[in-house]
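The values are calculated or read from the model by the stated rules, or taken from the named source; none is laboratory data. Being a predicted model, the structure only gives us computed values, none of them experimental. When we count neighbours, we look across all protein chains shown, and the Cβ atoms used for this are built from the backbone with ideal geometry, even at glycine. All accessible areas refer to the heavy atoms of the entire protein, side chains included, with ligands and DNA or RNA removed. Shrake-Rupley method; radii C 1.70, N 1.55, O 1.52, S 1.80 Å.
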Amino acid sequence: VVLNTCNVMELGFLNNFGIGAAISVGGPGQSGCKAIGNVLCGKVNPSGKTTDTYAYEFESAPSYVNAPTKDLKNYTNTNPSSTESQYIDYAEDIYVGYKWYETAEAEDFWFYNGTDYDSVVQYPFGFGLSYTTFKWEVEEVYPHSGSELKKDDKIEIYVKVTNTGNVAGRDVVELYYTPYYEKGGIEKSAVNLCAFAKTDLLQPKEHQVVKLSFDVEDMKSYDCYDKNNNGFCGYELEAGPYSVSLRTDA
């Protein structure tokens, strides 16, 4: 199945009807379709990753209940018959896309609602298959695990990526962080993409060391309501334990 769409779709049907594979081609324009045949016949090895979460049902996103409907609200000082007078509530805060689905999983939201993550999310953010396989090995980490992070520090991780399959291909190494979070405090996602690196075209058994880095300050959170009651509204990097993790997807 070739998904010729720039939008996220409900793709549960791909699990049925004996469909063996699917590829998302976005909007290929006037000449992009020439590349699709090369991918399908194996001349080119796909290495793209999803840039959003593909849920089985749109209703699982918190923004769904606030989506435009025939019951749009109207400002009281405008003409009710004018579309310019209508508005919708923005109530989901930071919980959009994978930041909602992964945080909900960390908080056991799906479990308490009688389901589980794999039944809700079909393709997570950052997901993508290849005609080959890869092995990751962490070569070096700075600063070392357990270190105290200072304001101007930078985190660097060197990862050795080896093509363990039978055909040439490229891989994407994704680095995420999980911030310190206190219930009732500043809203924070349980998973946040902070860096990624794509390898060159690697032949079978060939390897490459990629570097992923980001500033400690990139892990700051925006506190617009002074949730931690320190008298400050703005970007803050709260003291506490932070973790980073290498993942194939969110």
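Quick notes
- Residue tally, condition assigned to a loop (DSSP other than H, G, I, E, B) and without any contact (Cβ under 8 Å) to a residue 12 or more places away in the chain, over the stretch 1-38: 9
- Residue, surrounded by the most Cβ atoms within 10 Å (Cβ to Cβ), within the stretch 229-240, restricted to residues that are out of contact with any Lys or Arg (no Cβ under 6 Å at 6 or more places or on another chain) and in a loop (DSSP other than H, G, I, E, B): E238
- For the stretch 88-104, filtering for residues that are within 25 Å of S221 (Cα to Cα) and open to solvent by 80 Å² or more (accessible area, probe 1.4 Å) leaves 2.
- Of all residues in the stretch 191-219 being over 12 Å from D171 (Cβ atoms) and polar (S, T, N, Q), the one that is nearest to the chain's Cα centre (by Cα): N192
- Selection from the stretch 39-51 of residues that are assigned to a loop (DSSP other than H, G, I, E, B) and aliphatic (A, V, I, L, M): V44
- Listed by position, the strands (runs of 3 or more DSSP E) inside the stretch 156-228 whose residues that are surrounded by 14 or more Cβ atoms within 10 Å (Cβ to Cβ) and touching a residue at least 60 places away in the same chain (Cβ under 8 Å) number at least 1 are 172-178, 192-198, 207-215.
- Restricting attention to the stretch 62-87 and to residues that are assigned to a helix (DSSP H, G or I) and either touching a strand residue (DSSP E or B) at 6+ places or on another chain (Cβ under 7 Å) or open to solvent by 80 Å² or more (accessible area, probe 1.4 Å) (or both), the residue that is modelled with the highest pLDDT turns out to be Y64.
- On the stretch given as the stretch 52-61, residues that are surrounded by 14 or more Cβ atoms within 10 Å (Cβ to Cβ) and either free of Cβ contacts under 8 Å to residues at least 12 places away in the same chain or part of a loop (DSSP other than H, G, I, E, B) (or both) total 4.
- Number of residues in the stretch 118-132 that are open to solvent by 20 Å² or more (accessible area, probe 1.4 Å), in a loop (DSSP other than H, G, I, E, B) and in contact with a helix residue (DSSP H, G or I) (Cβ under 8 Å, 6 or more places away or on another chain): the value is 1.
- Which numbered condition Y142 fails, given (1) open to solvent by 80 Å² or more (accessible area, probe 1.4 Å); (2) closer than 23 Å to V65 by Cβ; (3) touching a residue at least 12 places away in the same chain (Cβ under 8 Å): (2)
- First in the stretch 90-116 and over 20 Å from N192 (Cβ atoms), second anywhere and open to solvent by less than 50 Å² (accessible area, probe 1.4 Å), Cβ under 6 Å, 6 or more apart: A91/N66; D116/W110
- When L149 is tested against (1) over 19 Å from V172 (Cβ atoms); (2) of a type in the set (A, V, I, L, M, F, W, C); (3) at pLDDT 95 or above, just one condition goes unmet, and that condition is (3).
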